[in-house]
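Quick notes on the structure that follows.
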There are 2 protein chains.
Amino acid sequence: MARTVAERSDALPALGECFREHGYEGASLALIGEATGLGKGSLYHFFPGGKAEMAAAVLAEIDGWFEREIFAPLREADPPGPGITHMFEATETYFRSGRRVCLVGGFALSDARDRFGAAVKDYFARWIDALSAALLRAGWERKASRAAAEDVVGGIQGAIVLARSLDDPRAFTGMLARMRERLMS
Amino acid sequence: MARTVAERSDALPALGECFREHGYEGASLALIGEATGLGKGSLYHFFPGGKAEMAAAVLAEIDGWFEREIFAPLREADPPGPGITHMFEATETYFRSGRRVCLVGGFALSDARDRFGAAVKDYFARWIDALSAALLRAGWERKASRAAAEDVVGGIQGAIVLARSLDDPRAFTGMLARMRERLMS
DNA sequence: CGTTTCTTGTACCGTTCGGTAAAGACTTTC
DNA sequence: GAAAGTCTTTACCGAACGGTACAAGAAACG
């Protein structure tokens, strides 16, 4: 019947959610087909490289979103304060207060890291660099800004783990609020 | 030939390492057999419940180790300072400066959480409680001690994600050193 | 020594895995 | 309206999955 989904990018959000919830290995083609509403034929039409290409496309889309919505504002906001504030707010929304897992962080802990190591490394390195640059412009010392950026970017990942483990989004919002206070005071 | 492995507990370390490296889903019986040196016959003899029982046994062993080596010292050390110092040192050794993944944290991010949610929640809740109690005895206010304990326990998980992502153990050791300084100063 | 209990290797089960092939159905283009 | 290109359905493949059955081998015990 050819439902003319038309764009492969239309499938990316559902694809991303599927990888998020089940991990790279756990996201079977059956689950992916269910999540996207696409059969194997369509999936392999859009992603001839199979699961690996699907995951790579999702990673690229996520990378683009963060670059646009978080990294660039961090680098460019003048004064830098609002860029940092926006990072915390956008992060909290994006991860739905810890109810939504970070796909990149999840990949980092699984053996999907071997396959997508470069993308994973790049994502976190650029986040830390962008935040560190913002702190630098806000008057922080070089070493202190780098350390604080690592603390915050790492802390966000830890906050997700904690909120999911305790089954309590307040663990996420609490940690973020305290990190924010530590940066802005 | 019946190599008389004798104790099912002898297989737990290798079993744990296998789940750590590949996750619950990714650890196939073939990989598990390879890691433990045991055939399916032996594995199902010791763990009639299959993979789920193996993972539960590993979680129980990990829980016991942390209770003995970290939680109890945190609760009992008098003065509390050395108990906290010991926690940081033991944690750094156990996770091999972030080269070794936290199995419980990994489960929390995957859909293994649905299966082992209670054990995962308990592990983190008891860690936070024990650390919080130590800080309380060290003179911290109740709310501040709880917040700091969440920051540190979550921060450790984030440090593992970061070190693995950046492929740099210094991200782990650095974050831990700064959290330690924040607690002890 | 023989017997019982514990441990193991092997063959096998049905299911699901990622991936392929090819024909059909719809759109677009001229 | 036919030809070309795009998208989807369906059936299928070999391999690997988790799990079971069972008989043979080693240990322990009388």
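Only the coordinates and a few stated rules stand behind these numbers; no lab work does. Everything quoted here is computed from the prediction, not taken from an experiment. For neighbour counting, all protein chains shown are included, and Cβ atoms are generated from backbone atoms with ideal geometry for every residue, glycine included.
Test A:Ala112 against the criterion of being under 16 Å from the mean Cα position of the chain (by Cα) and more than 8 Å from every other protein chain (Cβ to nearest Cβ), and give yes or no. Steps first, please.
Details: under 16 Å from the mean Cα position of the chain (by Cα): yes; more than 8 Å from every other protein chain (Cβ to nearest Cβ): yes.
So A:Ala112 fits the description; yes.
Within the stretch B:77-122, can you find the residues that are among the hydroxyl-bearing types (Ser, Thr, Tyr) and either in contact with a strand residue (DSSP E or B) (Cβ under 9 Å, 6 or more places away or on another chain) or part of a helix (DSSP H, G or I) (or both)? I'd like the intermediate steps shown before the answer.
First pass over the stretch B:77-122, keeping only residues among the hydroxyl-bearing types (Ser, Thr, Tyr): B:85, B:91, B:93-94, B:97, B:110.
Across the stretch B:77-122, the qualifying residues are B:Thr85, B:Thr91, B:Thr93, B:Tyr94, B:Ser97.
When B:Ser28 is evaluated against the numbered criteria (1) of a type in the set (Ser, Thr, Tyr); (2) within 12 Å of DNA strand D (Cβ to nearest atom); (3) touching a Phe, Trp or Tyr at 6+ places or on another chain (Cβ under 6 Å), which criterion, by number, is the only one it fails?
(3)
Taking the stretch B:147-179 as the search range and keeping residues that are within 15 Å of B:Leu131 (Cα to Cα) and without any contact (Cβ under 8 Å) to a residue 24 or more places away in the chain, which one is farthest from the other protein chains (Cβ to nearest Cβ)?
B:Ala149
Could you check the stretch B:165-185 and list, in sequence order, the residues that are under 16 Å from the mean Cα position of the chain (by Cα) and crowded, with 24+ Cβ neighbours inside 10 Å? Steps first, please.
We begin by selecting, within the stretch B:165-185, every residue under 16 Å from the mean Cα position of the chain (by Cα); these are B:172, B:176.
Listed by number, the list holds a single entry, B:Phe172.
Test A:Tyr24 against the criterion of being hydroxyl-bearing (Ser, Thr, Tyr), near DNA strand C (Cβ under 10 Å from one of its atoms), surrounded by 15 or more Cβ atoms within 10 Å (Cβ to Cβ) and within 14 Å of another protein chain (Cβ to nearest Cβ), and give yes or no.
Values: hydroxyl-bearing (Ser, Thr, Tyr): yes; near DNA strand C (Cβ under 10 Å from one of its atoms): yes; surrounded by 15 or more Cβ atoms within 10 Å (Cβ to Cβ): yes; within 14 Å of another protein chain (Cβ to nearest Cβ): yes.
So A:Tyr24 passes the test.
Which one is nearest to DNA strand C (Cβ to nearest atom), of the residues in the stretch A:48-61 that are touching a residue at least 12 places away in the same chain (Cβ under 8 Å) and surrounded by fewer than 20 Cβ atoms within 10 Å (Cβ to Cβ)? Outline the logic, then answer.
First, the residues of the stretch A:48-61 that are touching a residue at least 12 places away in the same chain (Cβ under 8 Å): A:51-52, A:54-61.
The next check asks that each one be surrounded by fewer than 20 Cβ atoms within 10 Å (Cβ to Cβ); those that pass are A:51-52, A:56-57, A:60-61.
Working: A:Lys51: 4, A:Ala52: 6, A:Ala56: 12, A:Ala57: 13, A:Ala60: 18, A:Glu61: 19 Å.
The selected residue is A:Lys51.
Please determine, by comparing only the residues of the stretch A:115-137 that are of a type outside the set (A, V, I, L, M) and within 8 Å of chain B (Cβ to nearest Cβ), which one is surrounded by the fewest Cβ atoms within 10 Å (Cβ to Cβ). Spell out how you get there, then give the answer.
If we filter the stretch A:115-137 for residues that are of a type outside the set (A, V, I, L, M), which is where we start, we get A:115-117, A:121-124, A:126-127, A:129, A:132, A:137.
Checking which are within 8 Å of chain B (Cβ to nearest Cβ) leaves us with A:117, A:121, A:123-124.
Details: A:Gly117: 15, A:Lys121: 18, A:Tyr123: 25, A:Phe124: 22.
If we take residues in the stretch A:115-137 being of a type outside the set (A, V, I, L, M) and within 8 Å of chain B (Cβ to nearest Cβ), then A:Gly117 is surrounded by the fewest Cβ atoms within 10 Å (Cβ to Cβ).
Would you mind finding the one in B:Gly49, B:Gly16, B:Gly81 that is out of contact with any Asp or Glu (no Cβ under 6 Å at 6 or more places or on another chain), within 13 Å of DNA strand D (Cβ to nearest atom) and either over 17 Å from B:Leu103 (Cα atoms) or more than 14 Å from every other protein chain (Cβ to nearest Cβ) (or both)? Before the answer, list the steps.
Values: B:Gly16 fails: within 13 Å of DNA strand D (Cβ to nearest atom); B:Gly81 fails: within 13 Å of DNA strand D (Cβ to nearest atom).
Unique residue meeting the criteria: B:Gly49.
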